[in-house]
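Take a look at the structure below.
The values are calculated or read from the model by the stated rules, or taken from the named source; none is laboratory data. Just so it is clear, the model here is predicted, and its values are computed rather than measured. Note: ideal-geometry Cβ built from the backbone for every residue, glycine included; neighbour counts use all protein chains shown. Ligands, DNA and RNA are excluded from the accessible area calculation, which covers all protein heavy atoms including side chains. Shrake-Rupley method; radii C 1.70, N 1.55, O 1.52, S 1.80 Å.
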Amino acid sequence: MNVDEMQNLTFEDRDEFNRKPIAEKIIKILNADTNSFTPMVIDGDWRTGKTEFCFKLINLYKKKIKNTNEDKIKNTTIIYFDAFENDYLDNPLLSLLAKITKNLNNAEEIIIDKLKIISKNFPTFAIKTASKMILGEDVTKTGTELLQDKKSKNILNIFQEITDDMIQLKRNLKQLAENNPIIFFVDELDRCRPDYALKFLEIIKHTFDVPNIKFVFITKIELLNSSIEHSYGKKVQCDKYLDKFFKYRILLPLSSQDDTTDPVIYFLDLFGKFFDISFFELGSSIRQINYILYELSKNWLTDRTLRDVEILIRYFEFYKIINISPIPMSSNGYIRIATIFLVALDRETAKNIFYSDYTNMQNNMIFSDLLRLPKEIFDLYTDENIFSIIKNTLNQLNGLD
């Protein structure tokens, strides 16, 4: 599922990992009249559904804002920021201010104008593309002339002017957010260039450390640690370094506390939504279908992630599109279904089979272990027949049938 498809997702659509209570607590913290817990980071491994959780959290938050009678909460602006989309820019501040001006259409004109003044007079903003992105107008000339003028001044004066500009910017941000709290949800920072990721954190710490502007990062801390090591070497204590930027950390659980087979349930739920009985040969037993899907998903998915399940569903969708004939509910069909699991979840093994012939495979592969199917399913077939079914299914999934 891509980002566009996720944007409208809610916990009511699905909440296989029972994460809504976590989202409720985060919203409660963000609504509190304090910045003591932000910036906060929601830490999760790759393929644990961090981005999906982020959009569900945002949509839940927006719903609460819409239904509240508290003026301050009602005026809250929520901004989703994909850091990876913006890391081609050298200065994260440009992108962040652009997001603010774009999302605060109802803010007082004088406040927005003051931000424009700062962007015209702060040398870092004297870039044609950036000025257009923030202001919708070309202020390059103003910035360039100012920068040339500063070249004739001594370094202390230049430093003082830049410092004054930043102080004024913080004042304007404080005024802007006084009655209009701003909550940034920053996603994908762990995918950014190391220099950009660290610069982003520095900008947040030194520029946006003002009341009512709060940041929630959805990222994998371990990868940020790698960015720190890349920039400062392995001797740096990464966790302590990140403590300078993150005031609170929340771990995103992979499964609910009372059910460790969530990926299995998730797969069966998605399969039921996307595929009906017509996916299988006419006359197939529902009980038989459910049995084989459950056995395979239990054997393949118990330790897998939400993203793995979605990848698997996409392979089933692909197979359905390219195949006119439904899958028979026989040993032949079981092998086909298991091969789809194999391709989606163990690509290296699938690749080895794809480029092999039966002569190379017959003596060193136990098919029931390979496909994670009960051994009795293979009783009606010779090894060569089984290999033929697997290879044919692989060819179909590669468009070679």
Handout entry: Reciprocal of mean inverse Cα separation for the range 170-304 (Kirkwood radius, Å)
Key = 19.2
Fill in the blank from the handout: Eigenvalues of the alpha-carbon gyration tensor of the range 5-64, times 5 and square-rooted, give semi-axes in Å, largest first, of 20, 14, 10
Practice task
Could you tell me, in Å, what Rg and Dmax come out for the Cα atoms of the range 174-241?
Solution key: 13.7, 44
Practice task
Please arrange SER368, SER325 by accessible surface area, largest first, computed with a 1.4 Å probe and ligands excluded.
Solution key: SER325, SER368
Fill in the blank from the handout: Sorted by chain and number, the residues with a modelled amide H under 5 Å from that of THR77, at a separation of 5 or more or across chains, are ILE182, ILE183
Practice task
Please give the direction-averaged projected area of the C-alpha convex hull for the range 34-73, in square nanometres with one decimal.
Solution key: 3.6
Problem - Förster radius 30 Å - calculated FRET efficiency between ASP269 and LYS66, Cβ distance, rounded to 0.05 - result: 0.55
Exercise for the section: Within the set of other residues whose C-beta is less than 9 Å from the C-beta of PHE275, count the net charge using Lys and Arg as +1 and Asp and Glu as -1. Expected result: 0
Fill in the blank from the handout: Burial-style ranking of 67-79, 297-309, average other-beta-carbon count within 10 Å with highest first, yields 297-309, 67-79
Problem - For peptides 369-378, 53-62, 167-176, sequence by mean Cβ density within 10 Å, most packed first - result: 53-62, 167-176, 369-378
Practice task
Please give, to one decimal in nm, the separation of the simple spin-label points placed at ASP239 and LYS298, each 7 Å out from Cα toward the Cβ.
Solution key: 3.8
Exercise for the section: Subtract the Cα-Cα distance of ASP346 and ARG191 from 0.36 nm times their separation in residues, and report this length gain in nm to one decimal. Expected result: 53.4 nm
Fill in the blank from the handout: Cα-Cα longer than 21 Å, checked against LYS102/LYS174; LYS20/LYS62; LYS63/LYS174, kept in input order, equals LYS63/LYS174
Problem - Interatomic Cα distance distribution for the range 268-359, bins of 5 angstrom, percent - result: 2, 12, 24, 27, 19, 11, 4, 1, 0
Exercise for the section: Can you tell me the equivalent ellipsoid semi-axes for the range 204-252? Use √(5λ) from the Cα gyration tensor, largest first, whole Å. Expected result: 22, 14, 9
